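Here is the structure we will look at, set down as structure tokens.
The values are calculated or read from the model by the stated rules, or taken from the named source; none is laboratory data. This is a predicted model, so every value here is computed, not measured. We place every Cβ from the backbone using ideal geometry, glycine too, and count neighbours over all the protein chains shown.
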């Protein structure tokens, strides 16, 4: 009986460890299969759908893709990440991306990469609404800090065209502490916002 009890404790510990990793970071690497390297990041965030509680796709890959687009100043590649809804609602998105590219600092270090999940799914219902906020601290070579905030929609049963990148925000530390910026989220116009 004690052996069974000890075995149960080991299983319970393993479940708790995996559950703690499921939030926003390591589960993709452990379960190996949510991120599909055969699809572009744009294809993944626009076509893969919410499946219960965890996302289908690694946020580190999305952040890396966006930072590569910034480094290469690649407007078309970044536009491919935005949802059809964002593209329809914002006809100056390409100009906003050019502004972001011009304003973006030379990156020396990326820290505090984190992710938050917001949404709902009623048990027994096919309706769901999920979005994610990825945030990272960007430091330039002089040690200046910038807040980089990315919002993307994992899925929305009422409007699948909303699936994909929704907004990008670059906020300098001065703007952050002096409160000279606006927090943009789902419901605001999708797009790119720069506060320096």
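The table that follows gives values for the structure above.
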{"item": "Test: residue in segment 123-145 that is assigned by TED's automatic domain parsing to the domain that holds residue 87, closer than 25 Å to residue 90 by Cα and not in a strand (DSSP E or B)", "result": "no"}
{"item": "Residue list for segment 99-117, restricted to those being within 22 Å of residue 166 (Cα to Cα), in contact (Cβ under 8 Å) with a residue 24 or more places away in the chain and not in a loop (DSSP other than H, G, I, E, B)", "result": "99, 100, 101, 103, 110, 112, 113, 114, 115, 116, 117"}
{"item": "Residue match in segment 61-68 (condition: closer than 30 Å to residue 125 by Cα, in the same structural domain as residue 129 (by TED's automatic domain parsing), at pLDDT below 95 and under 18 Å from the mean Cα position of the chain (by Cα))", "result": "yes"}
{"item": "Pairs with Cβ under 7 Å, 6+ apart, first in segment 64-76 and farther than 11 Å from residue 192 by Cβ, second surrounded by fewer than 20 Cβ atoms within 10 Å (Cβ to Cβ)", "result": "69/77; 73/101"}
{"item": "Answer residue from segment 77-91, given it is touching a residue at least 60 places away in the same chain (Cβ under 8 Å) and farther than 15 Å from residue 62 by Cβ and is surrounded by the fewest Cβ atoms within 10 Å (Cβ to Cβ) among those", "result": "88"}
